[in-house]
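Reviewing the structure listed below.
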There are 2 protein chains.
Amino acid sequence: MSSNHTHNKKNQTLTKNQRIVLNLLQDSGEPLKAYFILDSLKKEGLSSPLQVYRALDKLVELGKIHKVESLNSFIICNNSNCASNTAFTICERCGKVKEIKNNNLTEGVNELVRENKLNITRYNLEFYVVCKSCKIN
Amino acid sequence: MSSNHTHNKKNQTLTKNQRIVLNLLQDSGEPLKAYFILDSLKKEGLSSPLQVYRALDKLVELGKIHKVESLNSFIICNNSNCASNTAFTICERCGKVKEIKNNNLTEGVNELVRENKLNITRYNLEFYVVCKSCKIN
DNA sequence: TTACGTATGTAATAGTATAACATTAGAGGT
DNA sequence: ACCTCTAATGTTATACTATTACATACGTAA
């Protein structure tokens, strides 16, 4: 194989299945469901749900993607490093999901956590909104 | 029927299925899964998943229970009124779930929302923790 | 009474996720 | 180069979660 040399320390360790799943999520930018991913990647050789779920699990573990719990979907992480903490807005009308990457949020959450004496290891915040384009219509 | 008179304006409107599901969640205090609820209430006459899901949907809509998204479970609401906003701590070790009912949190969230210019309709916050009894061991 | 919205019962099926097991690939040590 | 160990793979079957579709009943208001 001529690929898989020493290009990217980070992605180098990914296996083929992990890589193609990550690429799909990256290209899409939207939350995708496991079985949709499976269908999309059948031509790349994926043939069973478990292959997808295993890749997804690993990518979540590596912090490269997140699970949007209330949508049973997975989305690329577009923070440099959120250490498995997640915060999304989800449009109630069109379903559009955006990861919130704002230092104010991190600050705010930390404060929230301090004030409430929560001893947290990580968090998942889902804010339901009506997005701009939906509000206009 | 001698029950179902005019005792409680709030619960009066609940149907039988809704009432028995609510009671089970109330008595339990823990998050329960739909099919567990079904099994538990077979003797009360429930016989299909749909009966449970319909009752759960209604109770969620009424704000009497919440769905814990990342657990696919439902838990009684122990705030007087959270208007479909939810905030939980979930112990990563034992799975214990507690609803956070702290005015600081509401305040904090509001501030968070203001600072980040989020135009939210509701939110769902899941804080993963290691609870006290798990930390000791 | 009629009409309408909501809840019910039942069966079938869709959608999400994991268990179990045998095999293979890759990184590190010697 | 070889051994070894861990992690990933492939495959089948199955478990778990949730909804569609349709026929029926109930309750309230016109």
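The values are calculated or read from the model by the stated rules, or taken from the named source; none is laboratory data. Not measured: the values here are computed from a predicted model. Using ideal geometry, Cβ is built from the backbone for each residue, glycine included, and neighbour counts are taken over all protein chains shown. For the accessible areas, the whole protein counts, side chains as well, though only heavy atoms, and no ligand, DNA or RNA atoms are used. Shrake-Rupley method; radii C 1.70, N 1.55, O 1.52, S 1.80 Å.
Points to keep in mind about this one:
- Measuring nothing but alpha carbons in the stretch A:9-76 and taking Rh as the Kirkwood radius, the Rg to Rh ratio lands at 0.92.
- Taking Cα atoms only, the orientation of helix A:49-61 departs from the longest principal axis of chain A by about 50 degrees.
- Per the accessible-area calculation with a 1.4 Å probe, the total area buried between chain B and chain A rounds to 2500 Å².
- Using the Cβ-Cβ distance between B:Leu62 and B:Lys42 with R0 set to 22 Å, the FRET efficiency from 1/(1 + (r/R0)^6) comes to roughly 0.35.
- A:Lys33 paired with A:Arg93, simple spin-label distance in nm, labels 7 Å along Cα-to-beta-carbon: 2.3
- Degrees separating the helix A:103-115 axis from the principal Cα axis of chain A, which is the longest one: 60
- Rounded percent of accessible protein surface that carbon and sulfur make up, the protein assembly as shown, 1.4 Å probe: 47
- Coil-residue GluC sites (Glu not before Pro) of the stretch B:6-115, DSSP, other Cβ within 10 Å capped at 15: B:Glu44, B:Glu92
- Inter-part distance where the stretch B:92-123 and the stretch A:72-137 are each reduced to a Cα centre, Å: 11
- Translational D in µm²/s for the stretch B:86-136 (Stokes-Einstein at 4 °C, 1.567 mPa s, Kirkwood Rh from C-alpha pairs): 106
- Stokes-Einstein D in µm²/s, Kirkwood radius over Cα pairs - the protein assembly as shown at 25 °C with 0.890 mPa s viscosity: 117
- Surface exposure of the stretch B:9-76, expressed per residue as accessible area with a 1.4 Å probe, stands at 55 Å².
- Kirkwood-based Rg to Rh ratio, the stretch A:26-137, C-alpha trace: 1.02
- The modelled label-to-label distance for the pair A:Lys132/B:Lys101, using points 7 Å beyond Cα in the direction of Cβ, is 3.9 nm.
- Lys/Arg +1, Asp/Glu -1 at C-beta; the protein assembly as shown dipole; positive extreme among A:Asn78, A:Leu25, A:Ser133: A:Leu25
- Compared with the dominant principal axis of the Cα atoms in chain A, helix A:16-28 is inclined by about 50°.
- Heavy-atom accessible area per residue - the stretch B:86-136, 1.4 Å, Å²: 56
- Chain B: calculated mean residue ellipticity at 222 nm from DSSP helix runs of at least 4, using -39500 (n - 2.57): -11500 deg cm²/dmol
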